[in-house]
Amino acid sequence: MVHEDWAGNAWSQIFSYKNKIDLLLVDLFDERHGIYRFTRNEVVTRTAEIVGTPLEEEVQNCQFLKFGTSPHFKTWKHAADVFAFRLRQNDLFEKTVVVKVPWAKHTREGKTVPSSMGLNASEANQLFARYYAYLQSLGLQILDLTDFPVYAEPLHQWGLAPFHYTLEVYKEMTRKLTDIVDSFSTQEKELTDA
């Protein structure tokens with residue numbers, strides 16, 4: 001993932017498999033880290049894999065755009081427009097689903113979940129709202145678990161975090177994704193029968 005981000009070849013990776021893609025899932029969790037801007041059109045996401053490594057030292061002189069700020073959102077919106085355009089160009093738009101799961105504030109036992117990258121769940125959910133709303137305004141399909149009770153899992157393999165959920169959350173995501181994929185199959189059948 002880091003290599004593709006730095007190499008700027010994510011699109012070529014996606015498009016090389018476009019005829020084999022049934023479902024393209026998009027999540028925004030790494031957006032919480034912000035981005036580094038090298039030039040007007042060159043940016044790299046500040047992922048957890050970069051933080052605290054020599055790579056992060058390499059970008060210290062670049063402009064950092066903090067997640068949730070107006071400059072970050074403006075840059076991100078432009079990238080989202082390009083993303084949607086390229087998906088349409090390559091017949092992947094209808095196969096793309098944005099995963100929208102709120103960050104968990106508590107464990108099932110009521111323990112408060114620690115912040116991640118300086119953001120607590122309430123702040124993150126508020127900041128992410130306009131990003132999801134924008135993707136929805138572009139017409140992208142959203143898998144939305146806003147109304148589902150989300151809890152963080154203290155025994156998650158990667159530790160306790162607002163976006164490391166209990167098994168029930170993942171099961172609900174799977175159920176909703178199955179419904180979406182089934183609807184794709186139904187739509188495809190209707191098109192071939194027409």
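The values are calculated or read from the model by the stated rules, or taken from the named source; none is laboratory data. Note that the coordinates shown come from a computational prediction; the quantities given were computed from them, not determined experimentally. Note: ideal-geometry Cβ built from the backbone for every residue, glycine included; neighbour counts use all protein chains shown.
Only residues that are among the small types (Gly, Ala, Ser) and buried (at least 16 other Cβ atoms within 10 Å of the Cβ) were counted across the stretch 57-93, and they come to 3.
Residue-wise test of (1) modelled with pLDDT of 85 or more; (2) of a type in the set (Ser, Thr, Tyr); (3) over 21 Å from PRO102 (Cα atoms).
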position: HIS3; (1), (2), (3): no, no, yes
position: TRP6; (1), (2), (3): no, no, yes
position: TYR17; (1), (2), (3): yes, yes, yes
position: ASN41; (1), (2), (3): no, no, yes
position: LEU55; (1), (2), (3): no, no, yes
position: ASN61; (1), (2), (3): no, no, yes
position: LEU65; (1), (2), (3): yes, no, yes
position: LYS74; (1), (2), (3): yes, no, yes
position: PHE83; (1), (2), (3): yes, no, yes
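Beta carbons closer than 7 Å, at least 6 apart along the sequence or on distinct chains, never pair a first residue in the stretch 124-145 that is without any contact (Cβ under 8 Å) to a residue 24 or more places away in the chain and over 12 Å from ASP81 (Cα atoms) with a second that is among the small types (Gly, Ala, Ser) and surrounded by 15 or more Cβ atoms within 10 Å (Cβ to Cβ).
The numbered conditions (1) within 25 Å of LYS20 (Cα to Cα); (2) surrounded by 16 or more Cβ atoms within 10 Å (Cβ to Cβ); (3) not small (Gly, Ala, Ser) are all true for LEU177 except (2). Which of the residues belonging to the stretch 98-112 are at negative phi and not hydrophobic (A, V, I, L, M, F, W, C)? Hits for the stretch 98-112 are LYS100, PRO102, LYS105, HIS106, THR107, ARG108, GLU109, LYS111, THR112.
The set of residues in the stretch 134-157 being in contact with a Leu (Cβ under 7 Å, 6 or more places away or on another chain) and not aliphatic (A, V, I, L, M) consists of PRO154 alone. Among the strands (runs of 3 or more DSSP E) confined to the stretch 1-108, the ones with at least 1 residues that are under 25 Å from PHE163 (Cβ atoms) and either touching a residue at least 40 places away in the same chain (Cβ under 8 Å) or acidic (Asp, Glu) (or both) are located at 24-27, 35-39, 42-45, 96-100.
So, in the stretch 94-120, of the ones that are of a type in the set (A, V, I, L, M, F, W, C) and modelled with pLDDT under 95, which residue ends up surrounded by the most Cβ atoms within 10 Å (Cβ to Cβ)? Out of the qualifying residues, it is LEU119. In the condition set (1) of a type in the set (A, V, I, L, M); (2) under 23 Å from LYS66 (Cβ atoms); (3) touching an Asp or Glu at 6+ places or on another chain (Cβ under 7 Å), LEU145 is compliant with all but (2). For the stretch 109-155, residues that are more than 17 Å from the chain's Cα centre (by Cα), outside any helix (DSSP H, G or I) and among the small types (Gly, Ala, Ser) total 4.
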